[in-house]
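Right, one structure below, let's go through it.
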Amino acid sequence: MRILCCLDGTNNEQIRDAVKNMLRAEERTLAVLYVTDIGPEMQIEHQRIRFLRPPRPPQPRREQMRKAVEMTAHEILEEGSRSLDGAEKIERTGRPEREIVRVAQEWQADIVVLCSRGSLETASPPGPKSVGHVARFVLDHAPCPVLLLRPRSDAVSQLPPR
């Protein structure tokens, strides 16, 4: 089984715990995916134009930003690969929701594993806003089944074990 694990920098442990219980190591092939989102950069450009400034920061600042983003992506992928027994590392740049679906198709994933929101500190209540736009898009367009991991709510995690 080919399992594509989508990392966001906060969900490494949650994905590791879910995947290690899925199949024995010899029955699965793992890949970790990190997508550098271009959305924030485009938003900064719009803000700069709004204040009558050039749409892009000066070249030295852009180079600094690019290096910082590359280093962050590399660290996230390294940590994910280590915690998932040397999983294949896949790095992309673009809109995360579209890149996840594209990689799932190209890599021929049997299942995609991702979290419902970027932050796992607090669980959102069930309902229409409990799944972020990235997870919603992947759920609707993935070429294979999707395992959506949600953080445990405080109420559930405080219940005594059976």
Checklist outcome for this item: Site Met71, offset 7 angstrom along Cα→Cβ, radius 20 Å on amide nitrogen, limited to segment 10-33, gives 10
Checklist entry - For the residues Glu99, Glu70, Glu91, what sequence is obtained by ranking on other C-beta atoms within 10 Å, fewest first? => result Glu70, Glu91, Glu99
Checklist entry - Put a dot 7 Å past each Cα toward the Cβ at Arg98 and Leu139; how far apart are the dots in nm? => result 2.2 nm
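Since every read-out is calculated from the coordinates, none of them should be taken as a lab result. Computed from a prediction, not measured in an experiment: that's the story for all the values here. Every residue, glycine among them, receives a Cβ derived from its backbone with ideal geometry; neighbour counts consider all protein chains shown.
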